[in-house]
Amino acid sequence: MNTDASGPGPGRIVLLTASHRVAPGLLSWPAWQALRAADRVLCPDAAHPQLPYLREAGVAVELLRPSAEELVEACAGGRTIVVLPAGEGDRALTDGLARMAGSGRVAMPDLELLPGSYDLPGARLLDLVQVMDRIRRECPWSSRQTHEGLAKYGIEEAYELVEAIEDGDREALREELGDVLLQVVFHARIAEEDEEEPFSVDDVAGTIVEKLIHRHPHVFGDATATTPEEVKEHWRRTKAVEKQRESVTDGVPLGQPGLALAAKLANRVRTAGLDVPLPAGDGIGYELLALAVRAEAAGVDPEAALRAAGRLYRDAIRAAEGVGPADRD
């Protein structure tokens, strides 16, 4: 450690930041090197989560909140000062350093922003879980919601996501994906409070992770798949073993839109190699069923096809009314 205050140069200030989404004490090697080589390590927050781990590692930390002027003066003689800002940062300090540097009247120390840890992909999901937890506890509306009461919003958000995809609107797609994700986290948070069968968002994530690994033996196991068709066959085979279904219709939600339901049933029949004649009868329902089955056999999603045609019909109506194209809701 350099303790010679008479050394040359204006010194060095290191602002050491760390992500609150990473466990305290898990710092990068450059961060530990900077901490051990510093002449002084300062922290304005006695409750800073890194402090116990730094002390355990033998790094002496002074609980001080220096001003910009005091910090620059402490670097005199070529000394290196490491500062651990509070969790919300220290705007007054950084603004003060910027003003001093901009004045041109002060020999400024070298200033380095050193990230001690970085967010991993998906780290902001932890923020979402934390925010949802607080909203559930403190919001008069959210704290009273149930799975049943939120069900309609899940359907609405799913349709809005589909609309954003079909519109090719990237900004809307990002927003609607967030709204769908909120439904997942909200339901998982409610589920934690169930007295008989509670589960958390971690249980939800763990379940889908296990399912994905099990259904992708060509990625996580010894199986081989080189085409999308082979991947689908792996998926169908493992899913059949998992579900142990009595009928190919098991697991098909009857509450979905009619055309989508008809197409899903037709897909199950075709995939299973069954020969099931369509029910005979008079009426538009039987005609729509036959059209949906025909579309599925041709590789066309009848629900999406009808929705596209409906959009064109809406545009024609607006044109007949003399109004412009519809804005997205």
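The values are calculated or read from the model by the stated rules, or taken from the named source; none is laboratory data. Everything quoted here is computed from the prediction, not taken from an experiment. Reconstructed Cβ throughout: ideal geometry from the backbone, glycine too, with neighbour counts over all protein chains shown. Side chains are part of the model used for accessible areas, which takes the heavy atoms of the whole protein and leaves out ligands, DNA and RNA. Shrake-Rupley method; radii C 1.70, N 1.55, O 1.52, S 1.80 Å.
Computed quantities for the displayed model
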{"item": "Accessible surface of residue 207 - all protein chains present, 1.4 Å probe, nearest 10 Å²", "result": "80 Å²"}
{"item": "Cα gyration tensor shape of the stretch 25-65, rounded if a/c is under 1.5, else prolate or oblate by comparing a/b with b/c", "result": "oblate"}
{"item": "For residue 156, solvent-accessible area (1.4 Å; no DNA, RNA or ligand), Å²", "result": "90 Å²"}
{"item": "Between helix 302-321 and the chain: long-axis angle, C-alpha atoms, 0 to 90°, nearest 10", "result": "90 degrees"}
{"item": "The chain, relative contact order [Cα under 8 Å, separation at least 6], %", "result": "13 percent"}
{"item": "Accessible area, probe 1.4 Å, largest first, for residues 32, 141", "result": "141, 32"}
{"item": "Carbon/sulfur fraction of accessible area - the chain, other protein chains in place, 1.4 Å, %", "result": "57 percent"}
{"item": "Potential extension, residue 94-residue 106 segment - 0.36 nm per residue separation minus Cα distance", "result": "2.8 nm"}
{"item": "Two-site label geometry, residue 224 and residue 318: point separation in nm, points 7 Å out along Cα→Cβ", "result": "5.3 nm"}
{"item": "The stretch 117-137 residues near the modelled residue 153 label - backbone nitrogen below 16 Å, point 7 Å along Cα→Cβ", "result": "128-137"}
{"item": "Which labelled figure in (i) 60, 46, 40; (ii) 99, 59, 46; (iii) 59, 52, 29 is Cα extents along the principal axes in Å, once derived from the coordinates", "result": "(ii)"}
{"item": "Estimated [θ] at 222 nm from DSSP helical runs (n ≥ 4, -39500 (n - 2.57)) normalised by residues in the chain, nearest 500", "result": "-17000 deg cm²/dmol"}
{"item": "Modelled label reach - residue 247, point 7 Å along Cα→Cβ, the stretch 278-295 residues with backbone N closer than 16 Å", "result": "278-279"}
{"item": "Overall form of the stretch 178-283 per C-alpha gyration tensor (a/c, 1.5; a/b vs b/c)", "result": "oblate"}
{"item": "Label zone at residue 144, where the point sits 7 Å out along the Cα-to-Cβ direction: the stretch 175-213 residues whose backbone N lies under 18 Å", "result": "190"}
{"item": "Nearest-10 value in Å² for the accessible area of residue 186, using the 1.4 Å probe", "result": "10 Å²"}
{"item": "Sequence of 20, 234, 216, 147 from largest to smallest accessible area, 1.4 Å probe", "result": "20, 147, 216, 234"}
{"item": "Net charge dipole size for the chain [Lys, Arg +1 and Asp, Glu -1 on Cβ; Debye, nearest 20]", "result": "660 debye"}
{"item": "Accessible-area ranking of 218, 48, largest first, probe 1.4 Å", "result": "218, 48"}
{"item": "Using alpha-carbon coordinates, inclination of helix 228-243 to the longest axis of the chain, degrees", "result": "90 degrees"}
